[in-house]
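K.L.:
If you scroll down you'll find the structure; I have some questions about it.
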Amino acid sequence: MYQEKYKSSASLFSMNYIKKNSIIGIGTGSTILHFIKYLRKLKHCITGVVSSSIHSLNILKKYQFCILNCNNVEKIDVYIDSADEIDYNLMMIKGGGGALTGEKILASKSKQFICIVDDSKIVKKLGKFPIPIEVVPMSVSHIKKKLISLGCFPILRKNFTTDYGNKIIDAYNLKINNVLKLEEKLNSYPGIVTVGLFAKQSADICIISGKLGIKILKKNNKNS
Ligand code: 5RP
């Protein structure tokens with residue numbers, strides 16, 4: 001219950017980073033629902049929004065935002081999204097909602113990535129949350145075998161297809177020694193579309209909301 005309140009206050013605080021005439025990338029998930037609710041009030045000051053998923057797109061349409069096609073946008077000014085886990089280097093596990101591919105594309109097209117979380121998402125070391133991995137359907141059994149050989153326990157997400165017609169394997173207990181190296185290694189497996197490790201596309205700023213209020217983490221641990 002408190003988590004919802006914290007998600008809402010982190011979202012409200014992120015409004016400080018919304019500049020006039022800017023293009024905003026919109027993440028996916030329950031935190032982002034709070035964010036969209038606040039952004040509605042600034043709808044007429046921004047140029048438009050680019051959505052990371054069909055789910056968020058439908059909500060943005062309902063609220064009559066100016067929706068821009070990702071292919072027609074050179075750069076997104078700021079991408080706002082949440083995470084399943086985020087560490088002190090602002091690297092993340094994302095994709096709990098299955099929208100990791102759109103999220104990673106928008107993160108890599110953005111000048112700034114702001115992650116908004118309640119304080120339960122902050123971890124010293126990533127890996128308690130299973131790593132979502134989007135795979136093309138014909139590679140499911142092959143990728144599962146590869147993951148088992150890495151010592152992890154892969155589970156195919158039931159009754160779920162991504163916006164791009166793919167499947168999600170949730171990788172439990174995958175040992176993460178070096179986040180970036182593991183992301184690169186998994187990316188090299190044919191059949192994997194997107195890995196839910198965001199090391200290369202780490203956040204620039206993390207807004208954390210908790211019992212003691214708002215805390216900001218910046219890349220390179222310049223806290224404030
Ligand atoms: C969706 C995501 C979300 O950012 C992540 O799952 C957190 O979701 P929530 O805001 O509901 O806690 O990566 O693919």
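The values are calculated or read from the model by the stated rules, or taken from the named source; none is laboratory data. Predicted model only: the values in this text are computed from it and were never measured. Cβ sites come from the backbone with ideal geometry, for glycine too, and all protein chains shown count toward neighbours. Accessible surface areas use protein heavy atoms only, side chains included; no ligands, DNA or RNA. Shrake-Rupley method; radii C 1.70, N 1.55, O 1.52, S 1.80 Å.
K.L.:
Which one of the conditions (1) away from the ligand (no atom under 11 Å from the Cβ); (2) aliphatic (A, V, I, L, M); (3) at pLDDT 95 or above does M92 fail to meet, given that it meets all the rest?
P.N.:
Of (1) away from the ligand (no atom under 11 Å from the Cβ); (2) aliphatic (A, V, I, L, M); (3) at pLDDT 95 or above, only one is false for M92: (1).
K.L.:
Out of everything in region 95-138 that is more than 8 Å from the ligand (Cβ to nearest atom), more than 20 Å from F35 (Cα to Cα) and open to solvent by less than 10 Å² (accessible area, probe 1.4 Å), what residue ends up being farthest from the chain's Cα centre (by Cα)?
P.N.:
Filtering first and then ranking leaves V135.
K.L.:
Continuing with this model, one more query. Looking at this structure, is N159 open to solvent by 50 Å² or more (accessible area, probe 1.4 Å), closer than 23 Å to S30 by Cβ, of a type outside the set (K, R) and more than 20 Å from the chain's Cα centre (by Cα)?
P.N.:
Yes.
K.L.:
Out of region 3-15, which residues are within 27 Å of E74 (Cα to Cα) and within 10 Å of the ligand (Cβ to nearest atom)?
P.N.:
Residue satisfying the conditions is S11 alone.
K.L.:
Something else about it: Can you spot a residue in region 173-182 that is farther than 28 Å from S56 by Cβ, open to solvent by 30 Å² or more (accessible area, probe 1.4 Å) and either part of a helix (DSSP H, G or I) or touching a residue at least 60 places away in the same chain (Cβ under 8 Å) (or both)?
P.N.:
Yes, that holds for at least one residue.
K.L.:
In addition: I'm trying to understand the selection: among the residues of region 50-59, which are surrounded by fewer than 23 Cβ atoms within 10 Å (Cβ to Cβ) and closer than 13 Å to G102 by Cβ?
P.N.:
If the condition is that a residue be surrounded by fewer than 23 Cβ atoms within 10 Å (Cβ to Cβ) and closer than 13 Å to G102 by Cβ, then I54, H55, L57 are the ones that fit.
K.L.:
Could you say whether any residue in region 101-112 is in contact with a Gly (Cβ under 7 Å, 6 or more places away or on another chain), closer than 23 Å to K215 by Cα and not in a loop (DSSP other than H, G, I, E, B)?
P.N.:
Yes, there is a match, as at least one residue in region 101-112 is in contact with a Gly (Cβ under 7 Å, 6 or more places away or on another chain), closer than 23 Å to K215 by Cα and not in a loop (DSSP other than H, G, I, E, B).
K.L.:
Kindly indicate which of L186, L217 is touching a residue at least 24 places away in the same chain (Cβ under 8 Å) and either part of a strand (DSSP E or B) or over 18 Å from M91 (Cα atoms) (or both).
P.N.:
Exactly one of L186, L217 is touching a residue at least 24 places away in the same chain (Cβ under 8 Å) and either part of a strand (DSSP E or B) or over 18 Å from M91 (Cα atoms) (or both), namely L217.
K.L.:
I'd like the residue in region 16-34 that is open to solvent by less than 10 Å² (accessible area, probe 1.4 Å) and within 8 Å of the ligand (Cβ to nearest atom) and, out of all such residues, is farthest from K215 (Cα to Cα). Break it down into steps so the answer makes sense when it comes.
P.N.:
Restricting attention to region 16-34, the residues satisfying the condition of being open to solvent by less than 10 Å² (accessible area, probe 1.4 Å) are 22, 24-27, 31-32.
After this cut, where a residue has to be within 8 Å of the ligand (Cβ to nearest atom) as well, the list is 27, 31-32.
On the way: G27: 21, T31: 16, I32: 18 Å.
Looking at residues that are open to solvent by less than 10 Å² (accessible area, probe 1.4 Å) and within 8 Å of the ligand (Cβ to nearest atom), I get G27.
So that you can scan it fast, the table gives a plain yes or no per residue for (1) open to solvent by 10 Å² or more (accessible area, probe 1.4 Å); (2) among the aromatic types (F, W, Y); (3) more than 15 Å from the ligand (Cβ to nearest atom):
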residue: I36; (1), (2), (3): no, no, no
residue: G48; (1), (2), (3): no, no, yes
residue: C66; (1), (2), (3): yes, no, yes
residue: V78; (1), (2), (3): no, no, yes
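K.L.:
Being out of contact with any strand residue (DSSP E or B) (no Cβ under 8 Å at 6 or more places or on another chain), open to solvent by less than 70 Å² (accessible area, probe 1.4 Å) and in the same structural domain as N58 (by TED's automatic domain parsing) is the requirement here; does G213 meet it?
P.N.:
So G213 fits the description; yes.
K.L.:
While we're looking at this one, here's another question. Restricting attention to region 58-88, report how many residues are outside any strand (DSSP E or B) and within 15 Å of the chain's Cα centre (by Cα).
P.N.:
Going through region 58-88 one residue at a time, the tally reaches 4.
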